[in-house]
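Working notes, beginning with the structure itself.
Throughout, read-outs are computed from the coordinates displayed, never taken from laboratory work. Nothing here was measured: the structure is a model prediction, and the numbers come from that model. We place every Cβ from the backbone using ideal geometry, glycine too, and count neighbours over all the protein chains shown.
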Amino acid sequence: MEIHFSKLYENGNDFIVIDEREHTVIPDDMKGQFSAIYCDRRFGIGADGVIFLSKSEKSDLRMRLIRPDENEVEPYGNGIRCLTKYAFDNGYVKETCTVETPAGETAVSMEYKEDTFTATITMSPLKFDRTAIPATGSGEYRETIEGYEVHAVHSGAPHAVIIVDAVDAVDLGSIAPKIRHHATFPEGANVNVVERTGPDSIRIRTFERGVEDETLSCGAGATASAAVVHKLGLAGEVVDVETRGGPLTIYLKGDGAKMEGSAVTAFTGRITC
């Protein structure tokens, strides 16, 4: 048996894409185990997750994202951009499409600017109320944890945001797990530390649940971080975000957000079983 796959990345956030449009390649009860094996960077292909692409009854594409810890999570901007690049390159979609995810339907517009694939994604509505993040208590989230003032928002997934003077001065590997597993987040939270670098620009680092480590880029984390600094009056409606893997631009309006960034195909291959 041969399993064909593609490896794509966006700002260093990388994914294995398995095309199941015509038939199921990995049975549902084995998708978690498959992700755990092949996301391993020493003994597998190496990735932050496996994207399973299939047909949808209501959208142009259907997407599922399984993390290396074998859990399915809400797909977010970087993964969706990688999925749509794969679909665009294979002729499944044109310049605009919709993607069905467990978190709802997402609209995407895309194009090649010279040789660079760029996509703009309509992100999930921003939710600041604790019940929607979800977090315990009522009202908007603002807590002091481990000496840091923590804000939180649901931007497709629950994200905690901390504004600091310098992101590189934060021991993220020590602090982030305590916030990620804090009792106020019943489903856990991704953790972002944010440094303002200009009137409408920020630098961030993100610790992602499921990966349980820092990743080079997180689209939902960039969106959450931009939304929090904007809500606090520290940035305007267009925020340039520098992740460790590269740049993103977040467009904010009301409780809505769009994210613009690129995606790259690293290689394709096949697994012989």
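Evaluate 2.2 N^0.38 Å with N set to the residue count of the chain, then give the Cα radius of gyration divided by it.
Working: Rg = 17.9 Å, N = 273, 2.2 N^0.38 = 18.5 Å.
Relative to the rule-of-thumb radius for its length, the chain sits at 0.96.
Please compare each pair in K7/K253; K55/K113; K58/K231 to a cut-off of 31 Å on the Cα-Cα distance and tell me which ones are over it. Show your work: numbers first, answer last.
Numbers: K7/K253 33 Å; K55/K113 28 Å; K58/K231 34 Å.
Going by Cα-Cα distance, K7/K253; K58/K231 fall outside the 31 Å limit.
For helix 77-89, report the angle its Cα long axis makes with the longest principal axis of the Cα atoms of the chain; keep it between 0 and 90° and round to the nearest 10°. Helix 77-89 sits roughly 30 degrees off the main axis of the chain.
Stokes-Einstein diffusion of segment 1-159 at 37 °C, 0.692 mPa s viscosity, Kirkwood radius from Cα pairs, rounded to a whole number: 194 µm²/s. Normalised Debye scattering of segment 130-254 at q = 0.09, 0.10 Å⁻¹ gives log10 I(q)/I(0) of -0.20, -0.25, counting only Cα atoms as equal scatterers and leaving out solvent.
Quote the relative contact order of segment 9-117 in percent (integer), defining contacts as alpha-carbon pairs under 8 Å separated by 6+ residues. Kindly include the intermediate steps, with their values, before the conclusion.
Working: 192 pairs, mean separation 25.2, N = 109.
In percent, rounded to a whole number, it is 23.
Cα centroids of segment 72-124 and segment 216-261: 17 Å apart. Report note on the peptides 168-175, 251-258, 119-126, 151-158: ranked by the mean count of other C-beta atoms within 10 Å, highest first, their order is 151-158, 119-126, 251-258, 168-175.
As a test of the definition: which semi-axes, in Å, follow for segment 68-172 when you take the square root of five times each eigenvalue of its alpha carbon gyration tensor? Largest first, please.
On the way: eigenvalues 208, 62, 31 Å².
Value: 32, 18, 12 Å, ordered largest first.
Relative to the longest principal axis of the Cα atoms of the chain, the long axis of helix 219-231 makes an angle of roughly 20 degrees.
If a spin label sat at a point 7 angstrom from the Cα of E146 along the line to its beta carbon, the backbone N atoms of segment 202-218 nearer than 18 Å would be those of 204-216. For segment 50-156, trypsin sites (Lys or Arg not before Pro) are listed when DSSP marks them as loop and at most 15 other Cβ atoms sit within 10 Å of their Cβ; the list is K55, K58, K94.
FRET efficiency for the pair A132 and K58, taken as 1/(1 + (r/R0)^6) with r the Cβ-Cβ distance and R0 = 30 Å, rounds to 0.85.
Order the peptides 236-242, 18-24 from the highest to the lowest mean number of other Cβ atoms within 10 Å of their residues.
Working: 236-242: 18.4, 18-24: 14.1.
Result, highest mean Cβ count within 10 Å first: 236-242, 18-24.
Working note: 222 nm ellipticity from helices only, DSSP H runs with n ≥ 4, each -39,500 (n - 2.57), summed and divided by the residues of the chain, gives -4500 deg cm²/dmol to the nearest 500.
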